[in-house]
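Asks: Below is the structure I would like to discuss, written out as structure tokens.
The values are calculated or read from the model by the stated rules, or taken from the named source; none is laboratory data. Note that the structure is a prediction, hence the values are computed from the model and not measured. Cβ placement follows ideal geometry from the backbone for every residue including glycine, while neighbour counts extend to all protein chains displayed.
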Amino acid sequence: MNGYVKQVQNWLSQEFPDYFSETGKYPILPDGIAGQSTMNALTMALQITVDVTEIDDEWNQELSEKCPIVNAVSVPNVIRIAQGCLYCKGYYDNGFNGEFTVGTKADIESFKQDLGLSVFESVIEPDFFRSLLTLDQVRETKDTDQYIRAAQQYLNKNYYQTFSTMLSFLPTDGVYEAKTNRALIIVLQKELYSGFINYLKALPPEADGLTLYEKMFPYIKEGAVTQLTDNARGIIELPKLAAVIEAYIDNKSMVPSFWAGWGGDLASSMLATTLALPAKLDYASAFVTAFEKVGSDGVCSYSALCADMDAVKIADIINNATEGATSTFTNALSQYYSLDDSKILANILADIPGILSYDELNTQIYHRMTGSQETADTIPGTDNPGLIPYKGNNPTMQVMAACCSALAHYVHTETA
């Protein structure tokens with residue numbers, strides 16, 4: 001139990017009794033643990049204080065617009081909520097009193113430095129408040145990998161504006177998890193944007209006199225030249241597709257190939273499912289929530305799954321190309337996207353071959369994500385086996401089983 005966090009929990013119960021006391025709508029157990037319920041309560045406390053229309057536990061557009069810059073002239077409750085967030089992040093040396101003291105400024109500076117920033121003001125702007133209201137850890141722990149932490153800090157410092165609309169600042173505790181993985185994909189898309197399209201345009205014409213870019217052009221989404229349709233319902237992000245293909249061809253990363261693709265999508269759905277579940281988890285809730293997250297417009301969408309699973313098959317075509325063949329990548333894309341729609345969907349899980357029933361597919365997916373292979377695929381230098389704790393916010397067995405079942409059901413329905 002952390003006495004500093006318990007102090008924040010007790011204050012929330014006393015200051016907002018209708019919400020967080022034992023008889024309130026969302027009672028908080030003063031257990032001294034900075035868990036999701038405490039962060040939700042701090043979010044709602046800020047919403048109440050700045051007069052947001054609908055009080056929930058989400059950082060929504062209205063809260064983003066109404067959230068003030070926390071400084072010496074802020075109202076005491078706003079300052080105290082910010083100090084409570086800093087306590088929950090491990091900065092508890094300088095008071096929890098609603099006063100914007102020199103000590104509070106020092107904690108803010110330490111927080112921003114831990115995020116990876118080198119130039120900043122000693123105030124809390126809305127983007128930083130948003131980050132404070134997450135469970136993301138930014139201080140070093142016994143599990144910190146310094147190389148991963150340096151990468152997280154580098155992304156925050158140099159690319160935050162690239163992924164800010166979808167993510168808050170990344171955690172910087174040196175643990176590789178879902179948000180860092182997602183940010184890497186977004187940044188990669190940005191960096192590959194112009195180079196990839198120019199590469200396509202520069203390819204020589206094929207036998208029919210057309211370049212690959214000219215053949216793709218009818219499918220390119222208007223106004224977004226890094227996207228194309230797969231003739232079904234998916235929007236394929238070309239840079240992401242290329243990155244995952246490369247992972248399967250010559251994987252030099254610290255994670256196995258399928259984690260760069262559909263495994264990462266599935267692990268991200270585990271994170272989304274975990275965060276959406278009520279405090280008291282039951283098996284039925286896990287399944288209902290998982291089925292809502294897999295195949296939706298979120299982190300495990302139809303388009304994301306198609307791009308990642310297409311990459312498996314395209315990489316296989318490249319790996320089996322005739323030695324000395326020219327334009328191997330071009331030929332592989334042409335060959336794959338020349339298939340009719342039904343065959344493309346049949347390849348959606350090329351990583352798990354065979355025509356499988358729902359139960360068989362569910363077993364295969366679950367084994368890939370939680371079995372001996374997943375356990376063997378451990379980030380070097382870490383003590384714990386497997387990767388799900390790093391990319392799925394350490395989900396429970398119920399969440400893992402529910403998300404694997406949801407993906408199996410979704411894929412089986414799409415390819416039936």
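Asks: Which ranges mark the helices (runs of 4 or more DSSP H) fully within region 1-106 that have 1 or more residues being more than 23 Å from Val138 (Cβ to Cβ) and free of Cβ contacts under 8 Å to residues at least 12 places away in the same chain?
Replies: Per the criteria, 3-15, 17-20, 61-66.
Asks: So which residues in region 107-126 are among the aliphatic types (A, V, I, L, M), assigned to a loop (DSSP other than H, G, I, E, B) and within 24 Å of the chain's Cα centre (by Cα)?
Replies: Scanning region 107-126 gives a single hit, Leu117.
Asks: Here's something else I'd like to know. Need the failing condition index for Ile69 against (1) at pLDDT below 95; (2) surrounded by fewer than 16 Cβ atoms within 10 Å (Cβ to Cβ), just the number.
Replies: Answer for Ile69: the failing condition is (1).
Asks: Somewhere in region 154-163, is a residue assigned by TED's automatic domain parsing to the domain that holds Gly35 and modelled with pLDDT under 90?
Replies: No, region 154-163 has no match at all.
Asks: Right, another one. Could we say that Lys89 is within 20 Å of Gln47 (Cβ to Cβ) and of a type in the set (D, E, K, R) here?
Replies: yes
Asks: While we're on this one: For region 135-153, name all the residues that are of a type outside the set (Phe, Trp, Tyr) and part of a helix (DSSP H, G or I).
Replies: Answer for region 135-153, where residues must be of a type outside the set (Phe, Trp, Tyr) and part of a helix (DSSP H, G or I): Gln146, Ile148, Arg149, Ala150, Ala151, Gln152, Gln153.
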